[in-house]
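Asker: Below is the structure I would like to discuss, written out as structure tokens.
The values are calculated or read from the model by the stated rules, or taken from the named source; none is laboratory data. As the structure is a prediction and not an experimental result, all values here were calculated from the model. Glycine also receives a Cβ, built like all others from the backbone with ideal geometry; neighbour counts cover every protein chain displayed.
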Amino acid sequence: MNDLGPPTEGDPLDLIRRDIDGIDKTLLSLFAQRLQLADKLATTKAPQGLPIRSGREVAMLRRLIAEAPAPLERELVLELWRALIGANVRRQRVVDVIVGGGRADPTRLFDVARRHFGSRTRISHVAEPQAALQKAAENPQSCVAVTPWPAAPGVGSWWPALSERRFHDLHLIAGLPLLGPATEDPEACVFAATPTDQAGNDITLLIAFDQHHRAQRALNEAGLTGKEVARSEPRVLLRIEGFVAVNDPRAGALTSYGVEGVRVLGSYARI
Ligand SMILES: O=C(O)C(=O)C[C@]1(C(=O)O)C=C[C@@H](O)C=C1
């Protein structure tokens, strides 16, 4: 059968395509309605600051994946909604993404960022994670930084820079890719000058000065479940189960057990 000619009356191919056209029309109208809500969100949310709410994104994507009927696979749900979320964010505010580092495989890091932020987001690459963080710190309302996962092998020991004063307004807001087992480290971090919001089953990262190796005991004493994931004397990077807010008294309590300069970097959750 030649399916390239003009459609004929009752042609089964033509009937299927008409169904597709009808569905596309409905989708177009729904996509437009979803995007119109971005305008309402933009005026309801705080006027300053980034429109990204990673916790809300993760909670929503988890629900959508759980509810998706067959034959929709979770990867497709994620891909479609990342595009919708990206469009929604863009309508609220144009956000630039700066990918920094990824020595062993910078294209992989770029790819992870592209999949998350969508094909129309402006993404640039700088050689070092600190340079990406610097851009995000200098442009708190319009820039986010994507860095390699700090404890990953072969990425260089860049993470101690996170205890520097110039980065104190930046928070870890996501671990990428979103899809992945909670027990496995993500490949990349997203840092932004916006508070981390909770999604459920979150993981928090803390940085501290721990020259006497008291961190593990201090965590136990403060009632936090966690462990050391990287060390660059005297700094230590700690991974905590659950959400710990920047001003959580449990983080502050670590100082009374001999760990100094504790900073909650932020949290992430996976799908
Ligand atoms: O819920 C919001 O605050 C939105 O801006 C909407 C939306 C979405 O498209 O669903 C977009 C960006 C946020 O990161 C989270 C969700």
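Asker: Kindly indicate whether Glu228 is among the charged types (D, E, K, R) and in contact with a strand residue (DSSP E or B) (Cβ under 6 Å, 6 or more places away or on another chain).
Answerer: Here the answer is yes, as Glu228 does meet what is asked.
Asker: Return yes or no: is Arg62 touching a helix residue (DSSP H, G or I) at 6+ places or on another chain (Cβ under 8 Å), on the phi < 0 side of the Ramachandran plot and not aromatic (Phe, Trp, Tyr)?
Answerer: Against the criterion (touching a helix residue (DSSP H, G or I) at 6+ places or on another chain (Cβ under 8 Å), on the phi < 0 side of the Ramachandran plot and not aromatic (Phe, Trp, Tyr)), Arg62 does not qualify.
Asker: Can you tell me which of Arg103, Arg108 is in a helix (DSSP H, G or I), in contact (Cβ under 8 Å) with a residue 40 or more places away in the chain and either over 22 Å from His171 (Cβ atoms) or of a type in the set (S, T, N, Q) (or both)?
Answerer: Arg108
Asker: From the list Asp169, Asp111, Asp185, which one is touching a Pro at 6+ places or on another chain (Cβ under 7 Å) and at negative phi? Working first, answer last.
Answerer: Numbers: Asp111 fails: touching a Pro at 6+ places or on another chain (Cβ under 7 Å); Asp185 fails: touching a Pro at 6+ places or on another chain (Cβ under 7 Å).
The match here is Asp169.
Asker: OK, next. Is it true that some residue in region 100-108 is at pLDDT 95 or above, crowded, with 16+ Cβ neighbours inside 10 Å, under 30 Å from Gly156 (Cβ atoms) and under 14 Å from the mean Cα position of the chain (by Cα)? Steps first, answer last, please.
Answerer: Within region 100-108, the subset at pLDDT 95 or above is 100.
Narrowing further to those that are crowded, with 16+ Cβ neighbours inside 10 Å: 100.
Next, from what is left, pick out any that are under 30 Å from Gly156 (Cβ atoms): 100.
Still in the running and under 14 Å from the mean Cα position of the chain (by Cα): none.
So far as region 100-108 goes, no, none of its residues is at pLDDT 95 or above, crowded, with 16+ Cβ neighbours inside 10 Å, under 30 Å from Gly156 (Cβ atoms) and under 14 Å from the mean Cα position of the chain (by Cα).
Asker: Picking from Leu4, Leu30, which residue would you name as being assigned to a helix (DSSP H, G or I) and without any contact (Cβ under 8 Å) to a residue 60 or more places away in the chain?
Answerer: From the options Leu4, Leu30, the qualifying one is Leu30.
Condition check ((1) among the charged types (D, E, K, R); (2) out of contact with any helix residue (DSSP H, G or I) (no Cβ under 8 Å at 6 or more places or on another chain); (3) within 22 Å of Ala83 (Cα to Cα)) across all residues:
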site: Pro129; (1), (2), (3): no, no, no
site: Ala136; (1), (2), (3): no, yes, no
site: His168; (1), (2), (3): no, yes, no
site: Asp185; (1), (2), (3): yes, yes, no
site: Ala188; (1), (2), (3): no, no, yes
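Asker: Then there's this: For region 196-209, state whether one or more residues are at pLDDT 95 or above, closer than 19 Å to Trp158 by Cβ and more than 21 Å from the chain's Cα centre (by Cα).
Answerer: yes
Asker: Considering only residues that are in contact (Cβ under 8 Å) with a residue 24 or more places away in the chain and not in a helix (DSSP H, G or I), look in region 37-84 and name the one that is surrounded by the most Cβ atoms within 10 Å (Cβ to Cβ).
Answerer: Looking at the filtered set, the residue picked out is Leu50.
Asker: If you scan region 256-271, which residues turn out to be without any contact (Cβ under 8 Å) to a residue 60 or more places away in the chain, touching a strand residue (DSSP E or B) at 6+ places or on another chain (Cβ under 6 Å) and surrounded by fewer than 16 Cβ atoms within 10 Å (Cβ to Cβ)?
Answerer: Glu260
Asker: Mind listing whichever residues of region 133-170 are in contact with a Cys (Cβ under 7 Å, 6 or more places away or on another chain), under 13 Å from Ala193 (Cα atoms) and not aliphatic (A, V, I, L, M)?
Answerer: The one that is in contact with a Cys (Cβ under 7 Å, 6 or more places away or on another chain), under 13 Å from Ala193 (Cα atoms) and not aliphatic (A, V, I, L, M): Lys135.
Asker: Separate question: For region 41-85, give me each residue that is more than 9 Å from the ligand (Cβ to nearest atom) and among the acidic types (Asp, Glu).
Answerer: Of everything in region 41-85, those that are more than 9 Å from the ligand (Cβ to nearest atom) and among the acidic types (Asp, Glu) turn out to be Glu67, Glu73, Glu75, Glu79.
Asker: Quick check on this structure: which one of Thr8, Thr26 is β-branched (Val, Ile, Thr) and at pLDDT below 95? Working first, answer last.
Answerer: On the way: Thr26 fails: at pLDDT below 95.
Only one candidate passes the filter, namely Thr8.
Asker: So Leu30 clears everything in (1) over 21 Å from Asp197 (Cα atoms); (2) surrounded by 13 or more Cβ atoms within 10 Å (Cβ to Cβ); (3) within 16 Å of the ligand (Cβ to nearest atom) except one condition, right? Which one?
Answerer: With respect to (1) over 21 Å from Asp197 (Cα atoms); (2) surrounded by 13 or more Cβ atoms within 10 Å (Cβ to Cβ); (3) within 16 Å of the ligand (Cβ to nearest atom), Leu30 is out only on (2).
Asker: For region 95-112, which residues satisfy the criterion of being closer than 18 Å to Gln141 by Cβ and either more than 13 Å from the ligand (Cβ to nearest atom) or among the small types (Gly, Ala, Ser) (or both)?
Answerer: Scanning region 95-112 gives Asp96, Val97, Ile98.
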